[in-house]
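The values are calculated or read from the model by the stated rules, or taken from the named source; none is laboratory data. Here the structure is a predicted model, which means the values were calculated and not measured. Because the Cβ atoms are built from the backbone with ideal geometry, glycine has one as well, and the counts that use them run over all protein chains shown. Ligands, DNA and RNA are excluded from the accessible area calculation, which covers all protein heavy atoms including side chains. Shrake-Rupley method; radii C 1.70, N 1.55, O 1.52, S 1.80 Å.
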Amino acid sequence: MTIRDADTAAPRVEDPAGVSTGEEPAQDVPADDVPADDAPPEPVPAADAPADDAPSYRPWQRFGISVLIVAILLSVLASVTPDSAIKSGLVGLTRPFILVTALDQRWGVFAPNPRLETSNVVARVERTDGTVGEYPLESAAGISEYWNYRWRKYGEQLWTDKTAEAERTTFSRWVADQDRAAGHQPMRVTLLRQTRPNLAPGPGPDEGPWTEVPFSTMQVSGR
């Protein structure tokens, strides 16, 4: 026979029929002690509820954004539309904005009359010792055009612009300085336009032979 201490013995529970069950009575558990898994789920906000961090604009901000959008659309429209009275009016209205934002768009390129020839510019240097050196502008094709095409456009300006005499003289002096820095004695610099025709598509070659036409000559002064 086992004797249990009265303070530690669990009280016996009797059911309504008066039968002792030997189980401990149920006790109330505080809400804070309920395990997290048994806690009720938090309410989920509705899908159409506005976000708390959504930006809010004041009326004058909305007005400013609207004016900016309209100005951009008018500038692009004035740049790409064919010549007309409407375009002239739009260009006059939007020109200051176009100059500031560089939104001028010109998509004509060479259409509808593409050029029938390819041209490059070469600087030919005659030296005091009788030798001749050539300095062609960079004109490689392929991905290198992204950084050397500006030289081709510069050379095109040299021979197409009849008022670019100052530019031709400056470029010739620069070439003479490059030749002098390489250890030579330049005497004369001649700028030549090298041109070949682009032939029509079809059987046969795509282009004709190169020809040279001088368009500027400068005597180099001794230093």
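Here is how the numbers come out for the structure above:
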| read-out | value |
| --- | --- |
| The lone exception for Pro114 - which of (1) under 30 Å from Ala200 (Cβ atoms); (2) at pLDDT 80 or above; (3) of a type outside the set (D, E, K, R); (4) under 28 Å from the mean Cα position of the chain (by Cα) it fails | (2) |
| Residue, farthest from Arg124 (Cα to Cα), within the stretch 138-192, restricted to residues that are in contact (Cβ under 8 Å) with a residue 12 or more places away in the chain and of a type in the set (Lys, Arg) | Arg152 |
| Positions within the stretch 197-220 being in contact with a helix residue (DSSP H, G or I) (Cβ under 9 Å, 6 or more places away or on another chain) and either polar (S, T, N, Q) or open to solvent by 90 Å² or more (accessible area, probe 1.4 Å) (or both), in sequence order | Ser216, Thr217 |
| Where a residue in the stretch 113-134 is open to solvent by less than 60 Å² (accessible area, probe 1.4 Å) and its partner, wherever it lies, is small (Gly, Ala, Ser), with Cβ under 6 Å and at least six apart | Asn120/Ser139; Val121/Gly155; Val125/Gly133 |
| Residue list for the stretch 202-223, restricted to those being modelled with pLDDT of 90 or more, assigned to a loop (DSSP other than H, G, I, E, B) and under 21 Å from Asp179 (Cα atoms) | Val220 |
| Arg150 being part of a helix (DSSP H, G or I) and not acidic (Asp, Glu) | yes |
| Selection count where residues are open to solvent by 40 Å² or more (accessible area, probe 1.4 Å) and either among the aliphatic types (A, V, I, L, M) or in contact with a Lys or Arg (Cβ under 9 Å, 6 or more places away or on another chain) (or both), scope the stretch 162-176 | 1 |
